[in-house]
Structures are given as structure tokens and as C-alpha cells.
Amino acid sequence: MQLLMFYLLGLGAVVAALIMVTNKRPVRAAMSLIATMSFLAGLYVLLDAHLIAALQLIVYAGAIMVLFLFVIMLLNIEEKEGRLAGSALLWQMIAIAVVGLVFVLMVSVVKLSDNVVPLGEAAALFGTTRAVGKMLFTEYLLPFEIASVLLLAAIVGAVILAKRRIDDSDQ
Amino acid sequence: MEQVMSTINLSAIYPEIILTCFSLLILLMQSFSTPRFKEYYGYVSLVGVLAALAFVVMEPSSFFAQTVVYSFNDMWVVDNYARFFKLIFLLGTGLTILISMKYLEDEAMQYGEYFALILFATIGMMIMASAGELITLFLGLELMSLSLYVLAGYTRVRMVSNEAALKYFILGSFATGFLLYGIALIYGSTGTTSIRAVAASVGKYGLYSPGLVMGMAMLVVAFGFKAALVPFHMWTPDVYEGAPAPITAFMSAGPKAAAFAAFARVFMEGLPALQMEWTWLIWIMAALTMTIGNVIALVQDNIKRMLAYSSIAHAGYVLVAFLAAGELGISSVLYYLLTYTFMNIGAFAIITALSGRGEPRVFVRDYQGLGFQHPFAAVAMSLFLFSLAGIPPTGGFMGKFYIFSAAVKEGYIGLAVIGVVNSVVSVYYYLRVTVAMYMEEPSSVREAEAAAPIFSPALVIAIFISAYGVLSLGLFPSSYVAIVKQSFLALQ
């Protein structure tokens with residue numbers, strides 16, 4: 001049952017992602033990205049990571065995608081018609097083929113190898129808000145704090161690059 | 001070797017805490033003080049860098065005591081290896097700040113955020129050097145990269161600067177994807193992200209899983225991108241050309257060293273079992289990096305672009321020493337990166353002074369006749385270029401000497417030969433600038449007069465510090481070698 005769910009969700013995520021990159025209309029692409037995110041949330045549930053699954057839905061599929069759609073509508077991006085030139089298309093085909101081949105190769109070798117570290121049993125509370133919170137503030141305290149500095153740097157950077165005026169008066 | 005274990009040990013991250021506080025202080029000063037104080041932001045950040053430097057040198061004990069402190073559940077390592085790299089980063093940052101102060105004023109750029117972002121990038125690099133765990137490493141790398149993306153595009157009015165930032169951002173994010181995927185694969189194969197635990201797990205289960213090898217390959221891509229190694233170097237010339245000159249100086253020294261710091265720690269400490277796999281990979285990359293960097297640099301007219309290709313080539317030399325590994329190899333990596341910081345930032349200091357407002361004068365022809373009009377600038381530039389070319393008695397010569405002798409000693413004779421040939425080839429394009437300065441007439445007198453370099457006291461200090469570093473590393477290498485050897489021992 002779990003395996004079936006995994007294949008269904010995985011297939012859904014891949015198909016939605018493919019629709020996203022091949023679709024020429026920005027809004028449709030954004031909608032399929034939402035679908036991809038939701039399928040991924042399902043995969044997280046299968047992995048017992050309930051909090052991450054919920055966050056995935058709320059933050060990615062919810063907040064960030066709404067922002068995407070707003071930006072697309074505000075900028076009023078039109079559907080771009082255009083065909084790739086022959087050589088570019090050829091290169092793209094070759095690139096896709098190579099990437100696909102590498103992927104198939106990867107999956108097969110990983111599946112064939114029996115040489116893996118034995119899996120431990122997940123703790124009873126694994127993936128709950130409580131467990132994740134506890135981990136964040138004890139074991140992973142340092143990365144957690146570094147992440148806060150990282151976000152601050154990102155905010156400062158975004159403001160600097162997007163601010164309208166660059167003169168001394170507003171310093 | 002004394003080992004101190006504890007879960008949370010704040011004193012281990014004092015330098016990073018200090019730098020964070022100073023960058024916050026600058027951001028707050030910007031909001032609450034009058035514009036009159038804006039020229040002090042540079043000095044404030046300099047004080048922060050010096051304070052952090054003092055803590056790196058003193059905490060937890062003297063350099064020669066070989067103390068290794070693990071804290072935050074093994075996520076943070078303070079050993080001599082990390083401390084030496086932090087010295088290099090802080091040195092590069094300090095010099096960059098000195099170069100930047102007058103430049104910002106001339107280009108009428110925002111002050112506060114500039115210095116705050118430079119400090120943020122430095123914190124990121126220091127995290128990379130000290131990270132004992134892959135997630136921490138990733139966060140440090142992202143902190144560094146994000147700050148650099150913004151700094152590359154800091155002169156928003158110039159198109160090349162925007163292009164540099166965008167290119168760097170898109171390609172850099174892609175490289176980050178590789179890093180994360182690599183970490184995920186390693187985690188998937190070993191069940192841990194701690195570098196020491198990865199090594200232990202690989203050793204315990206005699207692990208030789210394809211997932212692990214693929215994870216390693218992805219890490220090579222990610223670190224290769226950050227250190228600008230061929231074939232992941234495509235972004236370098238455009239970004240170095242487009243970014244403001246002081247930022248190019250900054251990017252070419254610290255972040256590159258940080259990438260090598262993390263690279264060496266992950267591969268030598270975490271994945272030594274896979275040495276067979278990565279040796280040939282790095283052999284090819286080193287040979288390509290040296291050759292392609294030097295050959296393309298031969299035909300560059302833009303001096304920033306030329307130094308971008310030269311920095312690719314220098315990363316190749318460092319990679320040779322990296323491959324030689326062992327005591328001699330790693331200590332020559334450290335020695336070379338220290339020398340490179342001095343000579344490259346020194347050269348960029350002169351470029352900054354000469355480039356003029358909006359950086360129009362960055363071509364080799366703009367250096368014609370400089371030797372007669374501005375002897376100080378020309379002498380200093382020649383010194384740094386000689387050092388980059390590896391001509392005695394400069395630090396660049398000693399650095400290359402150590403690298404190639406390490407390579408020969410470890411049996412990489414072919415690679416050493418390629419390296420020496422390359423370094424002979426590189427003399428041509430470094431000397432071309434010197435020849436222009438001393439043996440060619442400026443195309444017109446008026447142009448030469450307009451090209452007066454802008455020397456501020458801070459910039460002259462930076463040039464003197466760099467020149468002192470280059471010369472003392474070349475003339476009195478033994479004291480530096482003693483320190484470098486101490487730093488290597490800590491990686492065991």
C-alpha cells in the first residue's frame with residue numbers, strides 16, 4: 001500500500017513538474033508547480049515527516065505560489081510564441097537524453113547495490129512538531145542560528161537590489 | 001593533541017558572533033545616524049574584523065598548542081586548520097574594506113549595506129572553514145554566496161554589474177542544488193551528515209555504495225563551481241569583470257579559499273575511503289584548470305578579465321597541492337592561498353585606484369607609460385604581477401615552489417610538469433602589463449593626465465600591507481611555514 005502510494009505520488013510529482021517546464025503559459029506553469037508541491041507534501045507524509053508536509057503545503061503551495069501568481073498577473077506576462085532553432089532543439093534533445101540516461105543509470109545502480117547502512121527504526125514521535133522543535137533548539141541549534149543570519153543577509157540584499165532610489169538623501 | 005568536548009561552547013564561535021554584531025551595528029547606525037557619519041562605517045567594520053582576528057588568534061589557546069575544540073554536537077570544529085583559513089578570510093576582508101572606502105565615495109554608492117554584506121560573506125566563509133557537519137557547511141556556503149551575489153551587482157547603474165549579479169546568481173543557485181543533492185545522497189548512504197560520522201560509517205560498514213560515490217561527485221561539482229575550477233569556471237570572467245573592482249578583489253581571495261577549505265575538510269576527513277575515486281577526477285580538473293585559465297588569459301585586453309582567468313589558473317595550482325595531500329600538500333595549499341590573498345588583492349587595489357569613476361580605465365593600454373607618471377603605482381603593480389607570475393623573490397615563487405615540490409614528492413610528476421609549463425606561459429601576460437607600464441608611451445598625453453590614480457590613505461595602507469606580505473612570504477618563508485605546518489597537523 002505504501003509502495004503504491006509512493007509510486008502514485010512520485011509519478012504525479014514528475015508529471016506535474018514536466019507540465020510546468022513545458023507549458024508556455026506562465027499561469028498554467030505556476031498552477032502545475034502547485035501540484036508538484038502538493039505531491040511532494042504527500043511524499044513527506046509517507047516519510048513520516050508530518051510537520052514538513054504541513055509546512056510544504058502552507059508555505060510553498062500556499063504563500064509562495066500565491067506570490068508567484070500575483071507577480072505574474074501584475075507583470076502581465078504574455079504568452080511567448082516562438083520556436084527553437086533546429087540546432088538549439090537538437091542540443092536540447094541531446095541534453096534531455098543525457099540527463100535521462102544518467103538518471104536511469106543512477107536509479108539502477110542504487111537499486112542494485114545491496115551495500116547500505118542498516119536502517120534504524122524511526123522514533124515514535126519522529127516528524128511531529130514537538131520532535132522537530134526539540135531537534136532544532138538542541139542538536140541543530142547552530143545551523144538554526146546561522147539560518148537566521150542567512151535570512152537577514154538575504155533581506156538586506158533584496159532591499160539593496162530592489163530599492164527604487166540610489167542617492168544619499170535616504171541614507 | 002588535546003581535545004575538548006562539549007555540547008554548547010559559545011567561546012568557539014566568538015569571532016563569528018563578533019562579526020555578526022558588527023554587521024548589525026552598521027545596519028543600525030545607517031538607520032539612526034545622520035549621513036555625516038557614513039564614512040565611518042568602513043572603520044567600524046574594520047574594528048569588527050580586527051576584533052574577530054584577535055579572537056581567532058587567541059581562542060581557545062595559542063596556535064602551537066594544537067587544541068581542537070568540538071562543540072554544538074560536533075557541528076563546529078575549531079582546529080588550527082580552520083583558524084588559519086579564518087586568518088586568510090579576515091585578512092582578505094580587512095584589505096577589501098581598506099580598498100573600498102574611497103571607491104564607494106567616488107562611485108556614490110550606498111555605504112552601510114555594503115560593509116554589512118562584506119561582513120556577512122566573511123561569516124559565511126568562516127562557517128565553511130569550521131563546519132564539522134554538512135548542513136552547517138551548506139548554510140555557511142549559502143550565506144557567503146548570497147552576500148556575494150548582491151555585492152557583484154552593487155553598482156546598480158552599470159549594466160555589466162547587473163549582468164554579473166544575475167549570471168552569478170542563476171549559475172550559483174544551480175551549483176547549490178548540486179551541493180544539496182550531494183549531501184542528500186551522502187546522508188542517504190551513511191545515515192548521517194556529520195563529517196566525522198560519515199568517515200566512521202564508511203569505515204565501519206566498509207561502504208562502497210554507488211549513492212555515496214555519486215554524492216561525492218556532486219560535491220566536486222559544487223565546490224568546483226565555488227572555487228572556479230574548469231569545467232565549472234564559465235561564470236568567472238563575466239562576474240569578475242562586471243563586479244565593482246574591490247568586490248572582485250574580495251571574491252578572488254576569500255570565497256575561493258573558503259571553497260578549498262570546505263573541499264579539503266569534506267574529502268580528506270569525511271571521504272578518505274573514496275580517495276581512489278576522486279584522485280583521477282581531480283588530476284584531470286587540475287590539469288585543465290591550469291591550462292585553460294592561462295591560455296585564455298593570454299589574449300585578454302581587459303585587465304579585470306585577465307586576472308579572472310589568472311585566478312582560474314591559480315585555483316588549478318592549488319588543486320595540484322590539494323591532490324598531493326599529505327602534510328606537504330595541505331600546508332602548501334595554505335601557504336599558497338595566503339600568498340594569493342596578498343598578491344591578488346594588492347593588484348586589485350592598484351586597479352581600483354586607476355580605474356576611475358565608473359571604471360572606464362581597466363584595459364592594458366590604460367597602463368601605458370604609468371611607470372613614468374606614477375612610479376609608486378607602477379612599482380607596486382609590478383611587484384604583485386611578478387608575484388602572480390611566480391618570479392623570485394616574491395611569495396608567489398615560494399608558494400609555487402612548495403606546491404610543485406609537494407606534487408613531485410607524492411608522485412604526481414606529470415601534473416607538476418604541466419604546472420611549471422603553465423606558469424612559464426603565464427609570465428607572458430603578467431609581463432605584458434609591466435611592459436606597457438615601463439616601455440610604452442601613452443597614446444595621448446591628455447589621456448594620461450586624466451588617468452591620475454586616486455590614492456586614498458586607506459588604499460595606500462592596503463597596498464603597503466599586501467606588498468609587505470608578498471615580500472616577507474618570499475624572503476622569509478620559514479616562519480610562515482612553521483605556522484602552516486601546525487595548521488596542517490590539526491586536520492588529522
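The values are calculated or read from the model by the stated rules, or taken from the named source; none is laboratory data. Note that this is a predicted model, so its numbers are computed, not measured. Here the Cβ is made from the backbone with ideal geometry for all residues, glycine too, and neighbour counts use every protein chain on show.
Remarks
- Beta carbons closer than 6 Å, at least 6 apart along the sequence or on distinct chains, pair a first residue in segment B:263-283 that is over 18 Å from B:Val221 (Cβ atoms) with a second that is part of a helix (DSSP H, G or I) for B:Glu269/B:Ile195; B:Ala273/B:Val202.
- Qualifying positions in segment A:140-157 - part of a helix (DSSP H, G or I) and either at pLDDT below 90 or at the interface with chain B (Cβ under 7 Å from one of its Cβ atoms) (or both): A:Leu141, A:Leu142, A:Pro143, A:Ile146, A:Ala147, A:Val149, A:Leu150, A:Ala153, A:Ala154, A:Val156, A:Gly157
Here's the yes/no breakdown for (1) within 11 Å of another protein chain (Cβ to nearest Cβ); (2) at pLDDT below 95; (3) part of a helix (DSSP H, G or I); (4) farther than 30 Å from B:Thr192 by Cα:
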position	(1), (2), (3), (4)
B:Pro60	no, yes, no, no
B:Val69	no, yes, no, no
B:Tyr81	no, yes, yes, no
B:Phe84	no, yes, yes, no
B:Ser100	no, yes, yes, yes
B:Asp106	no, yes, yes, yes
B:Gln110	yes, yes, no, yes
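- Within segment B:171-190, being facing another protein chain (nearest Cβ under 9 Å) and either of a type in the set (A, V, I, L, M, F, W, C) or surrounded by fewer than 18 Cβ atoms within 10 Å (Cβ to Cβ) (or both) holds for B:Leu185, B:Gly188.
- Residue count for segment A:18-58 under the criterion of being among the charged types (D, E, K, R), touching a Phe, Trp or Tyr at 6+ places or on another chain (Cβ under 7 Å) and free of Cβ contacts under 8 Å to residues at least 40 places away in the same chain: the result is 0.
- Residue list for segment B:56-73, restricted to those being of a type in the set (Phe, Trp, Tyr) and surrounded by 19 or more Cβ atoms within 10 Å (Cβ to Cβ): B:Tyr70, B:Phe72
- Test: residue in segment B:154-170 that is under 25 Å from B:Asp79 (Cα atoms), assigned to a helix (DSSP H, G or I) and either among the basic types (Lys, Arg) or more than 9 Å from every other protein chain (Cβ to nearest Cβ) (or both): no
- Of all the listed residues (B:Phe22, B:Phe32, B:Phe37), the sole one being more than 10 Å from chain A (Cβ to nearest Cβ), over 19 Å from B:Ala129 (Cα atoms) and at pLDDT below 90 is B:Phe32.
- Those residues of segment A:44-74 which are within 18 Å of A:Gly133 (Cα to Cα) and either part of a helix (DSSP H, G or I) or in contact with a helix residue (DSSP H, G or I) (Cβ under 8 Å, 6 or more places away or on another chain) (or both), in sequence order: A:Tyr44, A:Val45, A:His50, A:Leu51, A:Ile52, A:Ala53, A:Ala54, A:Leu55, A:Gln56, A:Ile58, A:Val59
- Filter result (assigned to a helix (DSSP H, G or I), among the polar types (S, T, N, Q) and surrounded by 14 or more Cβ atoms within 10 Å (Cβ to Cβ)) within segment A:13-34: A:Ser32
- Among the residues making up segment B:406-433, a single one is surrounded by 22 or more Cβ atoms within 10 Å (Cβ to Cβ) and outside any helix (DSSP H, G or I): B:Tyr412.
- On inspection, B:Thr193 fails the criterion of being crowded, with 24+ Cβ neighbours inside 10 Å and either modelled with pLDDT under 95 or more than 8 Å from chain A (Cβ to nearest Cβ) (or both).
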